Structures are given as C-alpha cells and as structure tokens.
1. Here is a list of conditions, (1) farther than 16 Å from Glu95 by Cα; (2) charged (D, E, K, R); (3) touching a strand residue (DSSP E or B) at 6+ places or on another chain (Cβ under 8 Å), and Asp73 meets all of them except one; can you say which number that is?
2. Go through the range 14-40 and give me each residue that's more than 16 Å from Met96 (Cα to Cα) and in a helix (DSSP H, G or I).
3. Which one is surrounded by the fewest Cβ atoms within 10 Å (Cβ to Cβ) among residues in the range 41-92 that are of a type in the set (Lys, Arg) and not in a loop (DSSP other than H, G, I, E, B)?
4. Just to check your reading of the model, which residue among Val106, Val10 is surrounded by fewer than 17 Cβ atoms within 10 Å (Cβ to Cβ) and under 16 Å from the mean Cα position of the chain (by Cα)?
Amino acid sequence: MDREAGEERVALCGANAYDKKYYFNEKFAGLPVSIKEELRIISVLFTEEAGGIFTIEFEKDGNITMRTEYAQDDFLYDEIGSGLLVGEIRRKRQEMFESLSLYYRVFILHEDPAGLLAGAEKEP
C-alpha cells in the first residue's frame with residue numbers, strides 16, 4: 001500500500017519497463033481470467049510505449065487510479081505521451097474500471113451490493 005497525502009491505495013497490478021516485469025496483486029485472484037489478462041496487456045503495453053513504471057490502483061473509496069513514475073535519469077520517458085495514454089485507457093476501459101471498482105467495494109470493503117446498485121440506478 002502506498003501512502004500519499006494521508007491516502008491509502010491498494011495496487012491491483014503494474015508493469016515496470018526497467019525490470020521488464022509485471023505484477024498482479026493476488027488479493028484479487030478471484031477476478032475473471034479475461035479481466036486479469038486485459039489488465040496485464042494494458043500495463044505491459046503502456047510501459048512498452050511510454051516507459052517507466054505504470055500501476056493501476058484502488059483508492060480508499062474504491063475508485064480506480066492509474067499512476068506513472070519514471071527514473072530521474074530516464075530521458076526517454078515520454079511524460080506527455082504517458083498522460084495522453086492514461087486518458088485513452090480510461091476512456092476505452094471505463095466500463096471495466098467501473099466494474100472493478102464495484103468488485104472492490106463489495107468484496108474488499110464489504111459494502112452492500114444492493115445499496116451500491118440502487119445508488120448507480122439513480123445517477124444520470
């Protein structure tokens with residue numbers, strides 16, 4: 001868990017272009033294989049394209065956040081491109097991220113699924 005500005009985050013997965021490694025948090029082993037595979041593809045392709053370290057994390061309230069980091073001496077890291085790529089991933093995978101957020105809130109935070117679904121129906 002990372003602690004920034006008093007917030008707790010739980011890493012779901014991530015990839016590191018420097019070590020050429022992918023990480024998946026086994027706390028979420030119950031996710032469908034197809035979702036785990038899609039997360040792996042997103043993470044690895046991100047680091048192949050932009051470089052650095054890319055993580056998909058859950059915030060304390062269950063929302064999904066994507067973070068990128070890079071080594072100070074990495075002059076090939078594309079900071080602008082990485083920001084654009086994060087935006088593109090968020091747009092294209094919005095439904096998946098909403099489902100992951102719901103999964104987290106129900107199975108990790110133990111919130112009432114009926115209440116969550118009723119609240120989602122009221123939103124525009």
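Every number here is computed from the coordinates shown, using simple stated rules; none is lab data. Computed from a predicted model, the values in this text were never measured in an experiment. Using ideal geometry, Cβ is built from the backbone for each residue, glycine included, and neighbour counts are taken over all protein chains shown.
1. (3)
2. Glu26, Lys27
3. Only one residue tops the list, namely Arg91.
4. Val10
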